[in-house]
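Take a look at the structure set out below.
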Amino acid sequence: MIALVLVVVLGYLGARALEYSSTTRMQQVLMAQGLAEAGMENARVKLEKDMFFPPLGGYGQYVFSYSEDMTDPANPLQVVGSYSVTLDCSKRESPYCIVRVQSVGSAGIRTNPRARYRIYAELDVSSYNRATNLAPNPTLFRYILWREGGVEQPSVELPFGD
Amino acid sequence: MTLAETIMAIFVLTLAVAFVGALLRTGLHHQAHSQRRMLAIGLARKKMTLLRAWARTPAGAPNYNFDAAPASWVSQATTSDPEYPNFTVQCFVQNEVLYSPCTSMEAPYVPLGTARAMNNSAKKVKISVADPVDPGWTADLVTLVCDPTRDLKAPPDDAVHLITTSAVPANFGPSGNDLNNPAAGSFVDMRAEAVYQNGAPVSDIFFDWYIVPLGGTGTLLTSRDGRTCRFVNGVSTGIANVTTEGNSVVAVHGSYRGQGQPPQNYVLGGVNPYINISPVYHLGP
């Protein structure tokens, strides 16, 4: 009888251990998500205000990528994570008129992150309404596609090509 | 079974029950612990989402809540949530300087004060939600909230303005004057600004300057962010500084949300050369 109760209790405790570890994991994932969102915001505001962003080195270069560390605003010496942003301008011109943006947030130090979170989005840069082909475009400079996930994705990848 | 054996069995049984009870109690304690932490994480996420939406809300032209002082951000975020009244929320807001294209590429220019910086376009925000039973543990989220997208002044009004910031030499006259003959090396300093629909300046925007030679030309000394520029009457050929005869136009071009704005020009023209000031507009990106 006691053995049976012991098995039940140990099973229950084992499940709680998983729940406990998933709580910690969830916190790290949410931190990574916030950092990935920071990368999307960083890219958006630069695309809006800097006509030379992203700096594409040559005629055949369409992709630019950069990374930024994020420190704790309450403790500026502590790095809480980082984000890596990749911009693909290969579809910037008509008829596509989109800039593909990917941001990967990493909680913890960049070389050994505790969690990663990926956001992929497509920014509408068409001056014309896609339905009527007339200006203005109501979705100009808005993200018209937004996908999140891929926490475990090991490396930055964009869906190049069609 | 002897009495001793019975007592021993009861003792072992009691120990086992006590052990199992302790385990169960610990398990329940940690379950409550996990649930509180999950609630704290959810609340932190909720607060961050609400704060981001709040920052993008207009707060009376020309401002958005994004422009509010950090204290307003903090009070917005730390307002008690009716669903989680026991959780304490802390908010830290800090102005974040962004460097374009990125910090690592602009780092060499930061000590020189010439980095392409965006000083007022981003706020770094941290939301911390403390576990009400174990206040030493907090659910922390850190992110950036950036300047909301706004509308530029629409044509036919000009969204880009060119403003002279130095004394204009007497022989740098307005357009149409053709009596001038400025000295070699004379210059005029200018700056550019872009304005939103309501007339408020666009912060942190970058500009591009160029010369349209109309027979003559000069030299532009432009800051790396394009916000200031000096036109010098003269051209360096490598072995000498010379002046050219004819007119020149200096134009500044700004772009916001990928839309080219009509450049505002500074007409620098004349004979040998004379340099005039005139708002001549070129349409198109």
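Find which of A:Gly34, A:Phe53, A:Thr23 sits farthest along the positive direction of the dipole of segment A:1-55, computed with +1 on the beta-carbon of Lys and Arg, -1 on that of Asp and Glu, about the Cα centre. Projecting each Cα onto the dipole axis, the largest value belongs to A:Thr23.
Taken about its Cα centre, chain A carries a charge dipole of about 160 debye when Lys and Arg each add +1 at the Cβ and Asp and Glu each add -1 at the Cβ. Remark: the protein assembly as shown carries a charge dipole of roughly 680 debye about the Cα centre, counting +1 on each Lys and Arg Cβ and -1 on each Asp and Glu Cβ. Axis angle, to the nearest 10 degrees, between helix A:2-49 and the longest C-alpha principal axis of chain A: 20 degrees. As a proxy for reagent exposure, B:Leu3, A:Leu140 were ordered by neighbouring Cβ count within 10 angstrom, fewest first; the result is B:Leu3, A:Leu140. The residue list A:Leu140, A:Gly11, A:Ser65 was ranked by how far each Cα lies along the charge dipole of chain A toward its positive end, using unit charges on Cβ atoms, and A:Gly11 comes out on top. Within a straight-line Cα-Cα reach of under 23 Å, B:Lys123 can be paired with the following lysines, leaving aside sequence neighbours fewer than 8 residues apart in one chain: A:Lys46, A:Lys49, B:Lys46, B:Lys47. Between the amide H of B:Gln197 and those of B:Asp151, B:Leu152, B:Lys153, distances stay under 5 Å, these residues lying 5 or more places away or on another chain, with hydrogens modeled in the peptide plane. Normalising the average separation of contacting C-alpha pairs (under 8 angstrom, six or more residues apart) by the number of residues puts the relative contact order of segment B:6-161 at 21 percent. If I take R0 = 41 Å and measure r between the Cβ atoms of B:Trp137 and A:Tyr128 in this structure, what FRET efficiency does the formula 1/(1 + (r/R0)^6) give, to the nearest 0.05? That gives a FRET efficiency of 0.20. Annotation: the residues B:Val97, B:Val188, sorted from fewest to most other C-beta atoms within 10 Å of their own C-beta, follow the order B:Val97, B:Val188. Summing +1 for each Lys or Arg and -1 for each Asp or Glu, what net charge is found among the other residues whose Cβ lies under 10 Å from the Cβ of B:Ser223? Its environment carries a net charge of +4. Size check on segment B:1-119: the Cα extents along the three principal axes, sorted descending, read 93, 40, 18 Å. In chain A, excluding the sites themselves, the longest stretch lacking any of the GluC sites (Glu not before Pro) that are in a DSSP loop with at most 13 other Cβ atoms within 10 Å is A:1-92. With the convex hull constructed from alpha-carbon coordinates only, chain A shows a mean projected area of 15.0 nm² over all directions. Exposure proxy ranking for A:Ile119, B:Ile205, B:Ile239, based on other Cβ atoms within 10 angstrom of each Cβ and starting from the fewest, stands as B:Ile239, A:Ile119, B:Ile205. Taking A:Leu56, A:Leu47, A:Leu30 in turn, the Gaussian network model of chain A (Cα-Cα springs below 10 Å) assigns the largest fluctuation to A:Leu56. Result for chain A in a Gaussian network model with C-alpha springs under 10 Å: among A:Ala38, A:Ala131, A:Ala115, the largest mean-square fluctuation is at A:Ala131. Only the Cβ atoms of Lys and Arg (+1) and of Asp and Glu (-1) were treated as charged; on that basis the dipole of segment B:1-128 about its Cα centre amounts to roughly 280 debye. Model label sites at A:Thr111 and B:His161, defined 7 Å from Cα along the beta-carbon direction, differ in position by 5.1 nm.
Scalar couplings 3J(HN,Hα) for segment B:42-53, obtained by applying the Karplus form with A = 6.51, B = -1.76, C = 1.60 to θ = phi - 60°, are x, 5, 4, 5, 4, 4, 5, 5, 5, 5, 5, 5 Hz; x denotes Gly and Pro. Within the listed set A:Ser82, A:Ser22, A:Ser126, the residue fluctuating most in the Gaussian network model of chain A (springs between alpha-carbon atoms under 10 angstrom) is A:Ser22.
Laboratory data are not the source of any read-out in this text; all were calculated from the coordinates shown. Note that the coordinates shown come from a computational prediction; the quantities given were computed from them, not determined experimentally. Ideal geometry is used to build each Cβ from the backbone, glycine not excepted, and the neighbour counts take in all protein chains shown.
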